[in-house]
1. Name the residues in the range 31-46 that are surrounded by fewer than 16 Cβ atoms within 10 Å (Cβ to Cβ) and either touching a residue at least 40 places away in the same chain (Cβ under 8 Å) or not in a loop (DSSP other than H, G, I, E, B) (or both), would you?
2. Of all the residues that make up the range 347-404, how many are of a type in the set (G, A, S), in contact with an Asp or Glu (Cβ under 8 Å, 6 or more places away or on another chain) and within 20 Å of V725 (Cβ to Cβ)?
3. Would you be able to say whether some residue in the range 674-685 is touching a residue at least 12 places away in the same chain (Cβ under 8 Å) and more than 22 Å from E371 (Cα to Cα)?
4. For M213, only one of the following conditions fails: (1) part of a strand (DSSP E or B); (2) of a type in the set (A, V, I, L, M, F, W, C); (3) crowded, with 24+ Cβ neighbours inside 10 Å; (4) touching a Leu at 6+ places or on another chain (Cβ under 8 Å). What is its number?
5. Given the criteria within 17 Å of P64 (Cα to Cα) and of a type in the set (G, A, S), does S10 qualify?
6. Would you check if there is a residue in the range 677-691 being under 19 Å from I588 (Cα atoms) and hydrophobic (A, V, I, L, M, F, W, C)?
7. Restricting to the range 467-485, what's the tally of residues that are buried (at least 23 other Cβ atoms within 10 Å of the Cβ) and closer than 17 Å to A528 by Cα?
8. From the list A219, A263, pick out the single residue that is buried (at least 24 other Cβ atoms within 10 Å of the Cβ) and at negative phi.
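The values are calculated or read from the model by the stated rules, or taken from the named source; none is laboratory data. Owing to the predicted nature of the structure, the values given are computational and were not obtained by experimental measurement. Cβ sites come from the backbone with ideal geometry, for glycine too, and all protein chains shown count toward neighbours.
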Amino acid sequence: MQSLVLFDTSTLKVVQVIPYSAPEALFLGVVVAPGGDRVFASAGGNNKIRVYDFDGKALVERAPISLGDAKAPIYPAGLAISADGATLYAALNLDNTVAFIDTATGQVRTKVRLAPAATAASIGTLPYAIVRVDERLYVSEWNAGGVSVVDTREAKLVQRIPTGGHASGLVLSADRARLYVANATSDTVSVIATATNQVVGTVDLSPYPDAPMGSMPNALAVASDGKTLYVANGGNNDVAVVETDTLKIKALIPTAWFPSAIALSRDDRLLFVGNMKGLGAGPNPRGPNPESRQRETEQYIGNMARGTLSIIDVPDDAALGRYTARVVQNNGFDETRKILTRGPADTTPHAIPRRVGDPSLIRHVLYILKENRTYDQILGDLPQGDGDKSLVLFGRDVTPNHHALAEAFVLFDNCYVDAEVSADGHNWSTAAIATDYVQKMWPANYSGRNRLFDFQGGSSASAPLRGYLWEYATRAGLDFRIYGEFSKFRSTPPAVEPAPFANLPAARLSPTYAGYDLSITDQSRVDAWQKEFEDFVRRDAVPAFMMLALPNDHTGGTDPRYPTPKAMVADNDLALGRIVDTVSRSPIWPRTAIFIIEDDAQNGPDHVDAHRTVCLVASPYARRGFVDHAMYSTVSMLRTIELVLGLPPMSQFDAAAAPMVTAFSDQPTLTPYTALTPKQPLGERNQPNAYRARDSMKLALERPDEADEETLTEIVWHSIKGADVPLPQRKTAFRSRPLQEDD
């Protein structure tokens, strides 16, 4: 559910909530006409601008302004209005234009093109926010790293001002002499003198010297006297207080999760901070029930984090000191800085080095990424771990290798994915971050609000500024090979199209290993990998880093065109076992570690947390028969891999993550692993009369999460547990509640 909320800043009460269920939408832009009696709001994927009358007490929605076909790539975002209220200016995010709209007639007078309209191949500049200074418009370019200047008299683009990655939020000083630009992937704010259109200063939002990216500044407010700038850092969950004369950070104010909007009261006494993810995802006491006509879609993990509004008294210096200390403690900035800068180097090799550049006993890393399962779904029946066997869908008869690996090496029962879904999951799993673009736009795609799926290598907008794990390996001179990740989604073996997305060099992608295509078995993927691996071994040329996508535990539901869910997960399990078996019997085993995790955990319940997942390691240096209760997440695994390979952290998140040191020993045990064949037949097919088979056939399964994942989760649960067994509620470690009208 998306809503336009009218909030009274004098009483601090919600006055009105206007809800919009999908596919109806809102996105970013809200502007009030000069007379105060008319409000305009961008409707994003609906390709229209909503219009409201306002009498000072309530909003009344009128007929919207249509901008074109509802399915076209238009997507209005930021809005501004002329001084006389006659012209509305709209940044059309996917059309890559600025529209000039007659507010009296609702007609588009003209458009100023900033780039070609977005396509799957080239998304363009993505105009985002917009502000007006006299006869000029300043438009942030979310994907081009700068600000476009548009002359409103001549309706043309007159200048581009480079700023930084993902230019997003804009704010003018009260005297309109300075324009501040938030650069979300550069972790900076650019200061533009509007008299000259030149960048005259830059604010560095990095929390410590040489910090990797991750602060994600994306919204701004400035005090009426112009002396203080407030910056919402989405990645750090804080507001930076910046002195505008020195452009230095004075203090930090803690917020809720991912602040993405900020404003000051007229008297500068209160800060209003909109938090995109609020306090996290709350519990869902009414789990989805396919037998009910009223589907509890708000219980799906993608809908579980509710936005919140923080109301903060503008702090005095004493309070700022306390707040800053709290932010540093919350984010571990001090400890991270110590870890990254400590010395001297340790010359004694360890399985997991304690800092980047220290020697490792491990020289080869395999990183295996799977799809969407929770811990309890697979390993909840292991008594030595914190599991709930009632939630197990794919037990030992289906996943004997998952069970055997957890028992033979390390059982992690407190490991979590950092993502909610595959759109951000494949970014977190390969870059230790999901950019502000990914985090803001995947909900629109997943909720059917007419947004491109371009989050997994599909566009430059989703890419981190310094790239993905393999790009760090390239800069370090490491040999690597990628199998199925960041490649075209559908392909036909054995002649798999060697077509990676732009972020991955084609020469590094296996041309015979299928990308995401659930009609291809994971056995065939392992066959292709094994052939290459054996050739590498013969030539003594095994890459230092190999990443493999094993996607079939996603399943195809009960669609008769696919094997049953149990058969697909068993296929995935045997493929995993075969990889570990092959490597453990090869000459590289004494110097190898294999890391396995899911990209997200959205497709099932877990009694601890909706993000808890299956996490496995296999190595001569992995401890044997050990249960590790330490809390880890996706970035912990990436941090461990980086330390082994001698790579620096890719983001502030893996920089701060605890590596999996306690799960490893410096004394190797070289016993090989023997793959187990699941009792579950791999060839078992869904029957036409299977539970909700027709509904499964309607699911789009061509790429990760293109299907309605909540529906898929329900179908898989009931097809295995029975139609009358209710799907359990999801749980989370976070607790929150939505904003209520009497709050």
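1. Passing the criteria: V32, P34, G35.
2. Our first condition is that a residue be of a type in the set (G, A, S); within the range 347-404, this holds for 351, 357, 360, 380, 385, 387, 390, 395, 404.
Narrowing the set further to residues that are in contact with an Asp or Glu (Cβ under 8 Å, 6 or more places away or on another chain) leaves 351, 380, 385, 387, 395.
The next check asks that each one be within 20 Å of V725 (Cβ to Cβ); those that pass are 380, 387, 395.
Total meeting the criteria: 3.
3. Among the residues of the range 674-685, at least one is touching a residue at least 12 places away in the same chain (Cβ under 8 Å) and more than 22 Å from E371 (Cα to Cα), which makes the answer yes.
4. Going through (1) part of a strand (DSSP E or B); (2) of a type in the set (A, V, I, L, M, F, W, C); (3) crowded, with 24+ Cβ neighbours inside 10 Å; (4) touching a Leu at 6+ places or on another chain (Cβ under 8 Å) one by one, M213 breaks only (1).
5. Values: within 17 Å of P64 (Cα to Cα): no; of a type in the set (G, A, S): yes.
No.
6. Of all residues in the range 677-691, those under 19 Å from I588 (Cα atoms) come to none.
Checking the range 677-691: not a single residue is under 19 Å from I588 (Cα atoms) and hydrophobic (A, V, I, L, M, F, W, C).
7. 4
8. On the way: A263 fails: buried (at least 24 other Cβ atoms within 10 Å of the Cβ).
Just a single option satisfies the conditions, and that option is A219.
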